[in-house]
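First up is the structure itself, then whatever we jot down about it.
The values are calculated or read from the model by the stated rules, or taken from the named source; none is laboratory data. Note that this is a predicted model, so its numbers are computed, not measured. Reconstructed Cβ throughout: ideal geometry from the backbone, glycine too, with neighbour counts over all protein chains shown.
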Amino acid sequence: MNTDVNRRDNILFGEDFKPESEETDLIGVLKSVDYSGGLRSFSDVSLETMKKLVEEDFIDLDAHYTHAPSMSFFLTYAEKHPSLLFGGCATAPDRDDYGIYINRVRQTFENSSEKEDFKRCFGTADMLNVSDTNGFAWWS
């Protein structure tokens, strides 16, 4: 597993690792960018970004968050359904479980077949919302 946390966070968040820093947004509201509890959340990450993280050995393909599917399962599904977006957390390098974990996915469906695939593959999620055009699955 690659331990270059600055490189990992640049790929995932577009910035170097910030263990306990805070920043303000454009209107001056304080926003936390630290690894609260050793975790930092991310949303709407593309398959392309996930592939880059795999190529650079930042992702353990057998890893999974709680009872969510494995990283390998998510990536295999996304190869067939590239509109799938990933959400989850990255762990700080001082944790025993250093890595990247997926605990939610979102997909825009192009047809009813994609909708059925989503329900079939992610139907055991703790939270599943599926409409005619979109799906969201979350594991706690």
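On the stretch given as segment 85-96, residues that are hydrophobic (A, V, I, L, M, F, W, C) and out of contact with any Ser or Thr (no Cβ under 9 Å at 6 or more places or on another chain) total 1.
How many residues are of a type outside the set (S, T, N, Q) and in contact with a helix residue (DSSP H, G or I) (Cβ under 9 Å, 6 or more places away or on another chain) if we restrict to segment 115-135? Residues that pass the stated criteria total 8. Checking each residue in segment 44-57 for being surrounded by 14 or more Cβ atoms within 10 Å (Cβ to Cβ) and in a helix (DSSP H, G or I) picks out L47, T49, M50, K51, K52, L53, V54. Any residue in segment 94-114 that is in a helix (DSSP H, G or I) and closer than 17 Å to L47 by Cα? Scanning segment 94-114, I find at least one residue that is in a helix (DSSP H, G or I) and closer than 17 Å to L47 by Cα, so the answer is yes. Selection of segment 75-93 for residues being small (G, A, S) and not in a helix (DSSP H, G or I) yields S83, G87, G88, A90, A92. Scanning segment 100-140 for residues that are surrounded by fewer than 18 Cβ atoms within 10 Å (Cβ to Cβ) and of a type in the set (G, A, S) returns S112, S113, G123, S131, S140. Taken over segment 79-99, the criterion of being touching a helix residue (DSSP H, G or I) at 6+ places or on another chain (Cβ under 7 Å), surrounded by fewer than 16 Cβ atoms within 10 Å (Cβ to Cβ) and either of a type in the set (S, T, Y) or within 16 Å of M50 (Cα to Cα) (or both) is satisfied by P82 alone.
Annotation: of all residues in segment 18-43 being surrounded by 11 or more Cβ atoms within 10 Å (Cβ to Cβ) and modelled with pLDDT of 80 or more, the one that is farthest from D126 (Cα to Cα) is G38. For segment 58-74, the criterion of being in a helix (DSSP H, G or I) and crowded, with 18+ Cβ neighbours inside 10 Å is met by at least one residue.
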